[in-house]
Protein chains: 2
Amino acid sequence: MSITNQLNALPTPSLVLDEGRMLANIARLRDRMTALGVTLRPHLKTVKSIDASRRVLAGGTGPATVSTLREAEVFFEAGVRDILYAVGIAPQKLRQVVALRAAGCDLAVLLDTLEQAEAVIAASRDAGFPMPALIEIDCDGHRSGLNPNDPQLIAIGACLDQIPGCLKGVLTHAGESYGAVGQIAQAAFAEQERSAAVQAAAMLRGAGLSCSVVSVGSTPTAHAARNLDGVTEVRAGVYVFFDLVMAGIGVCSTDDIALSVLTTVIGHQRSRGWILIDAGWMALSRDHGTARQTVNQGYGIVCDIDGRILPDLIVTATNQEHGVIAVRQGFSAALPDLPVGTRLRILPIHACATASQFDAYNVISEVAGQPIVLWPRFRGW
Amino acid sequence: MSITNQLNALPTPSLVLDEGRMLANIARLRDRMTALGVTLRPHLKTVKSIDASRRVLAGGTGPATVSTLREAEVFFEAGVRDILYAVGIAPQKLRQVVALRAAGCDLAVLLDTLEQAEAVIAASRDAGFPMPALIEIDCDGHRSGLNPNDPQLIAIGACLDQIPGCLKGVLTHAGESYGAVGQIAQAAFAEQERSAAVQAAAMLRGAGLSCSVVSVGSTPTAHAARNLDGVTEVRAGVYVFFDLVMAGIGVCSTDDIALSVLTTVIGHQRSRGWILIDAGWMALSRDHGTARQTVNQGYGIVCDIDGRILPDLIVTATNQEHGVIAVRQGFSAALPDLPVGTRLRILPIHACATASQFDAYNVISEVAGQPIVLWPRFRGW
């Protein structure tokens, strides 16, 4: 059966993954990191799927980044050994971290306060083995982390250094790079990440403390970085699928986006120029991350069932199980005739958010003629 | 163990449901509908839980409204018999509808085009039994449906009337009432719903067609309606939990909100006035439905572990697994001292969206001294 016929046979809404595009995206960043001589530690929060992680990690056991301890547990069970939990550790979660390490998972945690460092030391003492931790550095005022010249850095480092193996290094993430348009602006953020992390590492080392890991990254900066001197690893996640936020800042083109939501036309309001579909926010997510970009893509760009973009059509509104398609504001393209029952595919605004609305990917194989297969996803904490 | 201690022992983020508040919300609308002499057909898309549906339906077998065929299947298996699937039917989904009806589920569908009516008639012919359908009426320009005086109404009615039992009636939903502040404005929308539905029913009857069901509703209009003459049933969903969008338009108070997300403080950016928590958009959802209201509640209001509101603190930003708490813009309240590890509860902007991010409710019983129990949720299509 052709891919089109297989897509026509799926229930809607369904999540569709183009494996060929995904593999090309994975290869693109892997090759870049190889050329720059730096380890890539992919962030698996985007895929949340064992099958997808095997492609992302090239079948390996890591290194990997996760955003929840549930991800750490699932990927560890699937054979991933070297995992960084890259969200500030809540002291209550250290029990789970101890259990994972006791089971053989090389799991590291992230922190930026003395209270957390003390909790890590206490948990390591109780466990009888060290809990490795990275200290989070703030390179762009985006979210968490210490300024690289904050004296707390030494205090936290010294606290962790009480037990050999607890002070692993420093980490930063230029979340603001998602707002930087074009490679030059993104390269500047990459340098901001690098210099902040390297400065913090030097500060620790200058105080006689160890700092073997210098971890930086985001999808825009990983693709734009020109110089990674002093950096030991790069993290990125959404590069695997890409999305309209990334396309909007020029990190990829819409042809690179590997994810889409298959949907069916369920009605029209012709006088208002609306086409109604059965993909609302429950399928697409409520993310509207292009709203502040030059071109607002609403809740997604509209493609035909074969993935060809229908010019100037976007999802302009979503309710729980309804989406409204209309011509992009300011454009006067005629609304195409898409009868009730027509199948369409919507490119996601934010791949992590859209994917998380589904329990499985319907994977179009990169090998022509293969049937669509299901890759389960998981969620939760 | 006290409720506070039990909440302290839960993983975070977790979804917490206050059963006492929920039962009061359920009783409030049930009593209102009884006083108005109209059947209530609760929308189960909000709860997506068999345990919760038993409270909403008072243990009964319906009537109920659903937004997906998956909901119809799950609730039918759990004993609900009379179900309305209130999203315009995609012709491809009629096979599933036939299967459910063949199994004994009294499932009705919704439509507003002649193509859909023809598909319903064809499916009914093939099945050998009628697929009952309601015709959707547009009462406020919000989304789908025909104008009550659209001549297509008669054409669609006549098409459905080819097989006795297919033309069940008319339905409307004043989605715009979510933007109406206060009971007077909401009562006007309730009257708009009523008059549009009754007018459409009269038009069908005037053409010699049957129209036994006249279905209206939304949470704001259900609570505000003064006169439901000619209406046979009212639908509403979010009234069961309530949320900040409903509080913002005066349908409930924040003390009525039965749902919250339990979270843990994981860091601070004191110079920026930020408290970081482990509930990001993955837990809270990206819904920011109060952004256009008079008071923007961001991604939720912050409470202590016991549910007491911390004045003027809201979640101002979310990433996948991070939330940022800050003092509401324009207010100068001091940021309270909430050390790392502190547990908080966030009241949801949109209960349907926040609940859908979790696989279970942690239910605080209305009976004091009872342990917190888990009510599973489901999702998907």
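Some notes on this structure:
- Flag for B:T354 being more than 9 Å from every other protein chain (Cβ to nearest Cβ), of a type in the set (S, T, Y) and under 25 Å from A:G88 (Cβ atoms): yes
- Scoring B:K45 on the criteria (1) surrounded by fewer than 24 Cβ atoms within 10 Å (Cβ to Cβ); (2) outside the structural domain of B:V213 (by TED's automatic domain parsing) leaves a single failure, condition (2).
- Scanning region A:291-313 for residues that are away from chain B (no Cβ under 13 Å), over 15 Å from A:V265 (Cβ atoms) and crowded, with 23+ Cβ neighbours inside 10 Å yields A:Q297, A:G298, A:I301.
For every residue, the table says whether it meets (1) touching a residue at least 60 places away in the same chain (Cβ under 8 Å); (2) within 14 Å of chain A (Cβ to nearest Cβ).
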position	(1), (2)
B:T4	yes, no
B:N8	yes, yes
B:P13	yes, yes
B:D18	yes, no
B:I26	yes, no
B:R30	no, no
B:M33	yes, no
B:T39	yes, no
B:V47	yes, yes
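- Top-ranked residue of region B:85-101 - restricted to ones that are in contact (Cβ under 8 Å) with a residue 12 or more places away in the chain and farther than 20 Å from A:V340 by Cα, ranked as nearest to the other protein chains (Cβ to nearest Cβ): B:L100
- In the condition set (1) within 11 Å of chain A (Cβ to nearest Cβ); (2) modelled with pLDDT of 95 or more, B:G104 is compliant with all but (1).
- Which listed residue, of B:Q370, B:Q329, is surrounded by fewer than 17 Cβ atoms within 10 Å (Cβ to Cβ) and closer than 22 Å to B:D255 by Cα: B:Q370
- Boolean, A:V74 is away from chain B (no Cβ under 11 Å), crowded, with 17+ Cβ neighbours inside 10 Å and either in contact (Cβ under 8 Å) with a residue 40 or more places away in the chain or in a strand (DSSP E or B) (or both): yes
- Number of positions in region B:360-381 that are part of a strand (DSSP E or B) and of a type in the set (F, W, Y): 2
- Residue count for region A:10-65 under the criterion of being within 17 Å of A:Y85 (Cβ to Cβ) and in a loop (DSSP other than H, G, I, E, B): the result is 9.
- No other residue among A:G141, A:G182 is surrounded by fewer than 24 Cβ atoms within 10 Å (Cβ to Cβ), modelled with pLDDT under 95 and within 27 Å of the chain's Cα centre (by Cα) apart from A:G141.
- Residue within region B:29-43 that is more than 17 Å from the chain's Cα centre (by Cα) and at positive phi present: yes
- Looking only at region A:337-359, and only at residues there that are out of contact with any strand residue (DSSP E or B) (no Cβ under 6 Å at 6 or more places or on another chain) and assigned to a loop (DSSP other than H, G, I, E, B), the one that is nearest to B:H350 (Cα to Cα): A:Q357
- Some residue of region A:146-166 being surrounded by 24 or more Cβ atoms within 10 Å (Cβ to Cβ) and facing chain B (nearest Cβ under 9 Å): no
- Residues in region B:122-136 that are surrounded by fewer than 24 Cβ atoms within 10 Å (Cβ to Cβ) and within 14 Å of chain A (Cβ to nearest Cβ): B:A122, B:A123.
The values are calculated or read from the model by the stated rules, or taken from the named source; none is laboratory data. Because the structure is predicted, anything quoted here is derived from the model rather than measured. Neighbour counts are summed over all protein chains in view; Cβ atoms, including those assigned to glycine, are modelled from backbone coordinates with ideal geometry.
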